[in-house]
Amino acid sequence: MSFTLKRLRPQETGLRAALPDLEAAVMEVVWAHLPRAFTVRDVLHHLEATREIAYTTVMTTVDRLAQKGLLSRETSGKAYVYRAATGREAFLDAVARQMAAAAPAMGRASALSFLVELVGDADPEELDRLQRLIDERRRQLGGA
């Protein structure tokens, strides 16, 4: 995936932490309701259920998401047809990886401590999952 996180809004949750509100809303519609090829009008139909919005606004937003690499685009007659270029989980994984890679070397210990606290506070089973991931990574690197 070619998406590069340009800014993070830590006060927001989910997709809205990495994407502007309308872009996040469009991607949620795409991932939840449009698993195959779709048009701007298809997205508009879903968005109109929860907000008043113009076709041209949706068209501009979908085009922007294609430019960012989150949607692929091909022509079909006189119209563009779009598809999700990546899944929701893969996108969130890429965002998390970019955020972790951006942590300065001297701040990694604090970032790791924060991650362990965050995971442990959210769900104790997640600590076990984190431990399994660490153990698997050690095995991949040839450690015990």
Calculated diffusion of region 1-102, Stokes-Einstein form, Kirkwood radius summed over Cα pairs, 37 °C and 0.692 mPa s, µm²/s: 234
Ellipticity estimate at 222 nm from DSSP helix runs (n ≥ 4, -39,500 (n - 2.57)) divided over the chain, nearest 500: -18000 deg cm²/dmol
Under Karplus coefficients 6.51, -1.76 and 1.60, residue-wise ³J(HN,Hα) of region 44-52 in Hz, glycine/proline x: 4, 3, 6, 5, 5, 5, 10, 7, 8
Between 0 and 90°, nearest 10: helix 21-33 axis offset from the chain longest Cα axis: 90
Listed residues V81, V30, V116, most fluctuating in the chain (Gaussian network, C-alpha, under 10 Å): V116
Angle in degrees between helix 124-140 and the longest Cα principal axis of the chain, rounded to the nearest 10: 80
Tilt relative to the chain, helix 88-102 - C-alpha long axis, 0 to 90 degrees, to 10: 50
Pair A100, A66: separation of 7 Å Cα→Cβ label points (nm): 3.3
Shape category assigned to region 16-76 from the gyration tensor of Cα positions, a/c cut at 1.5: rounded
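Tell me the relative contact order for region 1-102 as a rounded percent, counting alpha carbon contacts under 8 Å between residues six or more apart.
31
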Per-bin percent of Cα-Cα distances, region 104-144 [5 Å]: 6, 23, 18, 21, 23, 9, 0
Extension gain (nm, one decimal) between D128 and Q140, 0.36 nm per residue minus Cα-Cα: 2.5 nm
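Rule-based calculations on the coordinates, nothing more; no lab input. Just so you know, these numbers come straight off a predicted model, no measurement behind them. Every residue, glycine as well, gets a Cβ built from its backbone with ideal geometry; the counts of neighbours run over all protein chains shown.
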